[in-house]
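Written below as structure tokens is the structure these notes are about.
The values are calculated or read from the model by the stated rules, or taken from the named source; none is laboratory data. None of these values were measured; they are calculated from a predicted model. Glycine gets a Cβ as well: all are built from the backbone with ideal geometry, and neighbour counts include every protein chain shown.
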């Protein structure tokens with residue numbers, strides 16, 4: 001029987017548009033002081049690790065007549081060097097130049113006729129640093145059978161040259177007759193699905209998106225309130241094909257000190273910083289804010305369906321649930337903003353089904369890469385009309401990680417944009433730092449650097465309350 005895409009995985013392919021590619025990315029900056037790390041070594045590293053990720057050698061194959069959802073098939077023409085690419089900045093390349101390149105890379109959709117992932121090695125960064133930029137489609141990473149490539153190529157210890165890539169040969173691709181036969185067999189068990197699959201293709205992308213990804217009632221039950229439309233503002237603009245990106249680095253100890261002085265959790269402080277940054281950015285745009293003004297954030301939360309713990313392979317028997325949090329951008333007091341946020345998400349984070357941060361940290365490799373992919377999947381499960389932006393925060397390990405012999409020094413998540421959401425924020429902590437990845441629409445968020453600077457200002461404002 002064919003390895004058929006789930007309804008959720010297929011939906012990401014159905015609704016994808018050129019202006020809103022549905023891949024999740026990451027920017028890992030590594031330093032080569034620990035040993036030589038070049039393109040050939042990266043190829044060897046990735047080639048070896050793909051033995052643990054068979055999905056990364058598979059492509060999507062449609063079924064004739066769209067009688068069933070597409071299937072995963074081995075790519076007989078798989079070319080590792082096509083997916084692992086080499087790029088460079090004019091030396092000495094700056095972080096700003098790197099982020100501009102990241103924005104351009106993330107704006108390009110993945111090739112649907114090949115396995116849906118890419119990894120770029122960007123050389124030329126000042127200080128003998130290299131950036132590893134990953135792109136993985138949302139349809140691939142389910143956290144159970146498949147994790148994000150960024151999680152698998154990072155280790156707790158530096159390693160020398162990776163062993164040779166194990167021999168791999170593609171399984172024969174099923175022909176059209178086989179695909180139709182399997183579709184008919186599935187239809188015997190689920191006849192209504194055949195009609196739905198044909199309709200999905202016939203409808204335009206917008207209506208398909210609303211049908212497949214609308215889950216307003218579930219989100220409403222999550223936040224225990226009636227879901228209203230999101231507050232109007234510049235964050236809800238029709239997304240163009242261009243992107244802007246900015247990364248921000250802050251110290252984890254600053255968040256801990258604010259938590260000790262003001263209460264709440266480190267996660268609460270992160271969201272208070274985001275709230276303060278959005279407040280100052282809106283003021284910089286000349287917007288007047290009433291004290292009751294809010295910005296609604298979609299906050300994906302890891303929850304357990306039962307007492308089963310997280311496994312190194314992924315989120316076995318766990319899932320990411322979309323939750324809504326109204327960020328009080330109109331509140332002038334940073335302490336009160338923090339308290340409002342702590343109160344708003346206390347029930348969700350303190351739930352018995354909530355997956356604790358320490359449980360996430362037991363996952364192998366850099367687990368936030370997978371967690372952010374799952375957060376993006378959860379974000380696609382509800383209408384953009386009820387949220388202003390996505391904010392996904394996932395804690396990472398507090399000890400160094402390595403790609404081969406190269407030590408990772410920075411990591412910035414890149415979350416995808418929805419059709420009418422001009423900003424998505426990914427946050428992660430790693431080795432004593434907290435990293436923000438701000439992904440925005442090039443037309444609506446041309447001042448992304450202003451927003452990046454207000455993140456630093458908002459943290460300083462909270463730190464000032466300790467005096």
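Worth pointing out:
- The single condition among (1) at pLDDT below 95; (2) in a strand (DSSP E or B); (3) surrounded by 15 or more Cβ atoms within 10 Å (Cβ to Cβ) that residue 28 does not satisfy is (1).
- Residue in the stretch 268-288 that is modelled with pLDDT under 95, within 24 Å of residue 339 (Cα to Cα) and surrounded by 22 or more Cβ atoms within 10 Å (Cβ to Cβ) present: yes
Yes/no per residue for (1) within 18 Å of residue 258 (Cβ to Cβ); (2) assigned to a helix (DSSP H, G or I); (3) at pLDDT 95 or above:
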residue	(1), (2), (3)
323	no, no, no
342	yes, yes, no
345	yes, yes, no
348	no, yes, no
352	no, no, no
365	no, no, no
397	no, no, no
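- Test: residue 431 is closer than 26 Å to residue 128 by Cα, touching a helix residue (DSSP H, G or I) at 6+ places or on another chain (Cβ under 9 Å) and surrounded by fewer than 24 Cβ atoms within 10 Å (Cβ to Cβ): yes
- Number of positions in the stretch 32-74 that are assigned to a loop (DSSP other than H, G, I, E, B), surrounded by fewer than 20 Cβ atoms within 10 Å (Cβ to Cβ) and either on the phi > 0 side of the Ramachandran plot or in contact with a helix residue (DSSP H, G or I) (Cβ under 9 Å, 6 or more places away or on another chain) (or both): 4
- Residue match in the stretch 438-455 (condition: under 29 Å from residue 14 (Cβ atoms) and at pLDDT below 95): no
- Considering 392, 444, the condition of being outside any helix (DSSP H, G or I), touching a residue at least 60 places away in the same chain (Cβ under 8 Å) and either surrounded by fewer than 22 Cβ atoms within 10 Å (Cβ to Cβ) or more than 15 Å from the chain's Cα centre (by Cα) (or both) is satisfied by 444 alone.
For (1) at pLDDT 90 or above; (2) surrounded by 17 or more Cβ atoms within 10 Å (Cβ to Cβ); (3) farther than 15 Å from residue 49 by Cβ, each residue gets a yes or a no:
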site: 110; (1), (2), (3): yes, yes, yes
site: 113; (1), (2), (3): yes, no, yes
site: 119; (1), (2), (3): yes, yes, no
site: 122; (1), (2), (3): yes, yes, yes
site: 130; (1), (2), (3): yes, yes, yes
site: 137; (1), (2), (3): yes, yes, yes
site: 142; (1), (2), (3): no, yes, yes
site: 145; (1), (2), (3): no, no, yes
site: 149; (1), (2), (3): no, yes, no
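- Some residue of the stretch 88-97 being touching a strand residue (DSSP E or B) at 6+ places or on another chain (Cβ under 7 Å), assigned to a strand (DSSP E or B) and closer than 17 Å to residue 118 by Cα: yes
- From the list 298, 278, 289, the lone residue that is assigned to a helix (DSSP H, G or I) and in contact (Cβ under 8 Å) with a residue 24 or more places away in the chain is 278.
- Extreme residue, farthest from residue 449 (Cα to Cα), among residues of the stretch 84-101 that are touching a helix residue (DSSP H, G or I) at 6+ places or on another chain (Cβ under 8 Å) and surrounded by 12 or more Cβ atoms within 10 Å (Cβ to Cβ): 84
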